[in-house]
Ligand SMILES: Cc1cc2nc3c(=O)[nH]c(=O)nc-3n(C[C@H](O)[C@H](O)[C@H](O)COP(=O)(O)OP(=O)(O)OC[C@H]3O[C@@H](n4cnc5c(N)ncnc54)[C@H](O)[C@@H]3O)c2cc1C
């Protein structure tokens, strides 16, 4: 794979050729960092012949056109924080978007921003905050993941419950499509239903349908106030009752998260099941909604409901994944999602699967979205444990499907979940998925190993 035909020069000449397009110092042989992403399954490392870092959309188009002409595979790369192996190359060229790092426009009065693919997630959020606005999607790894990667994975975070994933905040894209054409889809226009929804097709396509170079983003005024509550429950079943009680209260929380007993133990806490609820809005509204949610949680059987300072809560929440991984040195986490009324079955199911494979297990995640990080702890040096964790993950995917859910609520298929979509979708839907890929990438050169159904 990668250098796909005999027509193209060997790696050294490939680097030289790319250097002629973007400047010699921006094309080189790949370093170890560009052959991996944040995938925690030890050992997932790709190979590539060159890394190229164009500075402009036009240079991206030139690189794509040349690779397409010469049958060279391309793996677009953002911050390399993906959890599905999508940025792990399998030969050919790693196309880094890092140098496209300009915020092209920020219009506070019009609630919009145009930013390039290489701007960090944290920068997008900060620039909006500085003018009293908010970009609500809040995936983790904000300092190191890039807007293009967020878009290509349709990322979301805790506030996705109320505000949706990144897709909900994009009104337009600039992208390079095969065989190397720069196109603009949508723009600063807030409504556009003229053609097929190619923006939605590219968002979440994990670098397999085109290379995103910039996006027009919708922003909203930042809420005047937020308040957060933590509610302890006896177990997952009771906690699910708490989630349903919050929904029935009619309050729309900004975030509605959960952590199970194993996850809490990893962070030094001894509750059996915890719900975190944040409400947002005007001062008076936040006070009233906070009271309503607290009452709903108490009536649903919460053992304890406490107010928390939102900033402290989110700082603590951001460290959970690391605390869990530290227990045994590593973990395999899969981001399945189920209908919200099946959440407790999924949480208990993760524990049962772990027990069957003799692995400590736990889960946490976005309760309101039924999205859990089902996690199996492992010692990364132990090949036997890694193999058992892989087998456990397969069972977790099957459980998510049996509960009417999906194998990925956040991270995408990448290379890790290759083949899983065919278990989830009917053959005709899988055929449509393949037809879309064939239509937009007829040579199959854009991230060829990723998102295979
Ligand atoms: C600590 C931590 C916390 C995380 N928390 C969350 C979370 O809360 N929610 C969540 O959804 N994810 C989360 N993730 C996963 C990851 O951060 C997201 O998937 C993120 O959006 C990936 O961005 P990236 O720039 O690192 O992309 P990369 O890892 O570089 O790439 C991801 C995929 O997108 C493609 N791609 C990248 N840039 C482009 C582009 N410009 N055009 C086309 N394709 C492109 C790549 O080919 C690859 O398939 C977390 C990861 C870590 C390490």
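Restricting the search to segment 127-150, which residues are near the ligand (Cβ under 7 Å from one of its atoms) and in a helix (DSSP H, G or I)? 148, 149, 150 - these are the residues of segment 127-150 that are near the ligand (Cβ under 7 Å from one of its atoms) and in a helix (DSSP H, G or I). For segment 295-344, name all the residues that are surrounded by 19 or more Cβ atoms within 10 Å (Cβ to Cβ) and free of Cβ contacts under 8 Å to residues at least 60 places away in the same chain. Selection gives 296 alone. Applying the criterion of being touching a helix residue (DSSP H, G or I) at 6+ places or on another chain (Cβ under 8 Å), part of a loop (DSSP other than H, G, I, E, B) and more than 9 Å from the ligand (Cβ to nearest atom) to the residues of segment 85-99, the residue that is nearest to residue 49 (Cα to Cα) is 92. Is it the case that segment 368-381 has a residue that's at pLDDT 95 or above, over 30 Å from residue 248 (Cα atoms) and part of a helix (DSSP H, G or I)? No - not one qualifying residue is present in segment 368-381.
To keep it simple, each residue is scored yes or no on (1) in a strand (DSSP E or B); (2) within 27 Å of residue 354 (Cα to Cα).
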residue: 229; (1), (2): yes, no
residue: 256; (1), (2): yes, yes
residue: 278; (1), (2): yes, no
residue: 301; (1), (2): no, no
residue: 313; (1), (2): no, no
residue: 325; (1), (2): no, yes
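Restricting attention to segment 101-112, does a residue exist that is under 28 Å from residue 30 (Cα atoms), part of a loop (DSSP other than H, G, I, E, B) and near the ligand (Cβ under 9 Å from one of its atoms)?
No, segment 101-112 contains no residue that is under 28 Å from residue 30 (Cα atoms), part of a loop (DSSP other than H, G, I, E, B) and near the ligand (Cβ under 9 Å from one of its atoms).
Pairing residues of segment 88-103 that are over 12 Å from residue 76 (Cα atoms) and without any contact (Cβ under 8 Å) to a residue 40 or more places away in the chain with residues that are more than 9 Å from the ligand (Cβ to nearest atom) and not in a strand (DSSP E or B), at Cβ distances under 7 Å and at least 6 apart in sequence or on separate chains, gives 101/119; 103/119; 103/127.
Results for (1) part of a strand (DSSP E or B); (2) touching a residue at least 12 places away in the same chain (Cβ under 8 Å), shown as yes or no for each residue.
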{"residue": "346", "(1), (2)": "no, yes"}
{"residue": "365", "(1), (2)": "yes, yes"}
{"residue": "384", "(1), (2)": "no, no"}
{"residue": "395", "(1), (2)": "no, yes"}
{"residue": "400", "(1), (2)": "no, yes"}
{"residue": "423", "(1), (2)": "no, yes"}
{"residue": "453", "(1), (2)": "no, yes"}
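For residue 153, all conditions in the list (1) closer than 16 Å to residue 211 by Cβ; (2) more than 7 Å from the ligand (Cβ to nearest atom) hold save one; what is the number of the exception? Checking residue 153 against (1) closer than 16 Å to residue 211 by Cβ; (2) more than 7 Å from the ligand (Cβ to nearest atom), the one that fails is (2).
Do we have residue 82 as within 9 Å of the ligand (Cβ to nearest atom) and crowded, with 24+ Cβ neighbours inside 10 Å here? Considered against the rule, which asks whether it is within 9 Å of the ligand (Cβ to nearest atom) and crowded, with 24+ Cβ neighbours inside 10 Å, residue 82 comes out as yes.
Here is a yes/no grid of residues against (1) buried (at least 20 other Cβ atoms within 10 Å of the Cβ); (2) under 24 Å from residue 437 (Cβ atoms); (3) in contact (Cβ under 8 Å) with a residue 24 or more places away in the chain:
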residue	(1), (2), (3)
136	yes, no, yes
141	yes, no, yes
144	no, no, yes
152	yes, yes, yes
170	yes, yes, yes
178	yes, yes, yes
181	no, yes, yes
185	yes, yes, no
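For segment 231-248, filtering for residues that are touching a helix residue (DSSP H, G or I) at 6+ places or on another chain (Cβ under 6 Å) and either crowded, with 19+ Cβ neighbours inside 10 Å or part of a strand (DSSP E or B) (or both) leaves 8. Residue check: residue 107 meets all listed conditions (1) buried (at least 17 other Cβ atoms within 10 Å of the Cβ); (2) modelled with pLDDT of 95 or more; (3) out of contact with any helix residue (DSSP H, G or I) (no Cβ under 9 Å at 6 or more places or on another chain) but one, namely (1).
Within segment 156-168, being part of a loop (DSSP other than H, G, I, E, B), touching a residue at least 40 places away in the same chain (Cβ under 8 Å) and more than 8 Å from the ligand (Cβ to nearest atom) holds for one residue alone: 159. I'd like the full set of residues that are surrounded by fewer than 20 Cβ atoms within 10 Å (Cβ to Cβ) and either in contact with a strand residue (DSSP E or B) (Cβ under 8 Å, 6 or more places away or on another chain) or on the phi > 0 side of the Ramachandran plot (or both), limited to segment 358-385. Once the filter is applied, which keeps residues that are surrounded by fewer than 20 Cβ atoms within 10 Å (Cβ to Cβ) and either in contact with a strand residue (DSSP E or B) (Cβ under 8 Å, 6 or more places away or on another chain) or on the phi > 0 side of the Ramachandran plot (or both), segment 358-385 yields 358, 360, 379, 380. Scanning segment 189-198 turns up no residue that is closer than 22 Å to residue 450 by Cα, within 13 Å of the ligand (Cβ to nearest atom), in contact with a strand residue (DSSP E or B) (Cβ under 6 Å, 6 or more places away or on another chain) and at pLDDT 95 or above.
The values are calculated or read from the model by the stated rules, or taken from the named source; none is laboratory data. Computed from a predicted model, the values in this text were never measured in an experiment. Neighbour counts run over all protein chains shown; Cβ positions are idealised from the backbone, glycine included.
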